[in-house]
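Working notes for the structure below.
Bear in mind that the values in this text are calculations on the coordinates, not laboratory data. All values derive from a computational prediction rather than experimental measurement. Glycine also receives a Cβ, built like all others from the backbone with ideal geometry; neighbour counts cover every protein chain displayed.
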Amino acid sequence: MAKQMDRASLPFGYMETNKSFVANYKNGAWDSGTLTTDHSITISECAGVLQYAQTCFEGLKAYTTKDGKIVCFRPDLNASRMADSCRRLEMPVFPEDRFVQAVIDTVKANIEYVPPYGSGATLYIRPYMFGSSAVIGVKPADEYQFRILVTPVGPYFKGGVKPIKVRISDLDRAAPHGTGDIKAGLNYAMSLHNIVDAHKCGYAENMYTDPASHTYIEETGGANILFVTKDGKLVTPKSNSILPSITRRSLVHVAKEYLHMEVEERQINKNELKNFVECGLCGTAAVISPIGEIDDHGDKIMLPSGMEEGGPVLTKLRETLTGIQMGTEKAPEGWIVEIK
């Protein structure tokens, strides 16, 4: 039974729940892991995560479907992406099958916090890993902790989907041949100053260009980007320094197989922005956030879809994917994992 809470006013924030999952890596092996009611962490003051930012994370959600089932959306892809992040950061990979099972077990242990269908709220799931042993020389830690916390979150769009205003950034979120394509905490630390400044200046997000030439559109501080052409084609940026968003990959499949759209994944020159009719950010939190205005250093590019509501193509795309997640649309094989 769902826990009583004011779901409409739930923020996208942290609320302590029943249990978290924790597993420790020591002497070259992972222990069996356990669910714990202890939501605090005690580590050395010299822990690798504190000294050299050796940490990565994932984000996914549990939903209640129309027929009352509680499900997760494509957790195997989160497991695979975290494995990629760990390998790049010289961290031990938490086995992918155990990752998925730990997600299921953690949701089960907090089942009363999964909001009901139709509330717009969901249970956010945050798996993460960090270097826990002391490191003073610049090298990987010897010991690690893998954890999963969950927290109920409210609807991303309270009061309806409203287009946002973004700006082209002068700063970079990733280095050429760096860590932009993994979900490392350090990438997000790099973007914090810039997002705070963007908010001060009246923008919801920064749109980053490629760090080598500042010519091609990449992503924002926390989401991939989608564009729609005048002839209804979906176009997404392609780059080695973009995080491979699970939501974007899912939307591309939905566009091709459900909506029979033509899809291009390619480099997008910033000079092309004025040619698109719709634009949106995509990620776990909102699925798609429509963009109404892009400010390129004073040159305001107004998307034809406007600032009142999202454009028809991205709206249909968003509704179809959320329908798959919520059980009102038939899901592709393996996309939905039921929590039994």
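Distant-in-sequence amide contacts of E265, defined by a placed amide H-H separation under 5 Å and a gap of 5 or more residues or a different chain, comprise T236.
For the chain, the relative contact order comes to 19 percent (Cα pairs under 8 Å, sequence separation of at least 6).
Expressed as a fraction of 2.2 N^0.38 Å, the value expected for a compact globular protein of N residues, the C-alpha radius of gyration of region 154-288 is 1.03. Here the label points at K256 and L192, each 7 Å from Cα along the C-beta direction, are separated by 3.8 nm in the simple model.
Between D84 and K233, the modelled label-to-label distance comes to 2.5 nm, taking each label 7 Å out from Cα in the direction of the beta carbon.
Of the trypsin sites (Lys or Arg not before Pro) in region 119-171, the ones in a loop by DSSP (not H, G, I, E or B) with at most 15 other beta carbons within 10 Å are K158. Of the DSSP H helices in the chain, not one has a Cα length along its own long axis of 24 Å or more together with a mean Kyte-Doolittle hydropathy reaching 0.0.
The lysine pair tally for region 253-340, using Cα distances under 30 Å and a gap of 8 or more places or different chains, is 11. The string of couplings for region 20-35 from the Karplus curve (6.51, -1.76, 1.60, θ = phi - 60°) is 10, 9, 9, 9, 10, 9, 8, 6, x, 8, 7, 6, 6, x, 7, 8 Hz, one whole number per residue in order, with x for Gly and Pro. A P(r) calculated from all alpha carbon pairs of region 95-187, with 5 Å bins opening at zero, reads 2, 9, 12, 13, 15, 17, 14, 11, 5, 2, 0 percent. In the chain, the DSSP-assigned H stretches of four residues or longer account for a calculated mean residue ellipticity at 222 nm of -7000 deg cm²/dmol, using -39500 (n - 2.57) per stretch and the full residue count as denominator. Among the trypsin sites (Lys or Arg not before Pro) in region 185-246, those placed in a DSSP loop whose Cβ has at most 12 other Cβ atoms within 10 Å are K230.
Here the simple spin-label model places points 7 Å from the Cα toward Cβ, and for E329 and T215 these points are separated by 3.6 nm. Placing a label point 7 Å from the Cα of V138 along the Cα-to-Cβ line, the residues of region 48-77 whose backbone N sits under 19 Å from it are 48-55. In the neighborhood of D299, defined by Cβ-to-Cβ distances under 12 Å, what is the net charge if each Lys or Arg adds +1 and each Asp or Glu adds -1? Net charge around D299: +1.
Given their separation in residues at 0.36 nm each and the Cα-Cα distance between them, T42 and M302 gain 88.6 nm when the chain is fully extended. Translational diffusion coefficient of the chain (Stokes-Einstein, Kirkwood radius from Cα pairs, 4 °C, 1.567 mPa s): 62 µm²/s.
For K61, the aspartates and glutamates whose Cα falls under 19 Å of its own Cα, not counting residues fewer than eight places away in the same chain, are D6, E16, D76, E96, D97, D105, E112, E319, E329, E333, E338. Among the GluC sites (Glu not before Pro) within region 233-312, those in coil by DSSP and having at most 11 neighbouring Cβ atoms inside 10 Å are E308.
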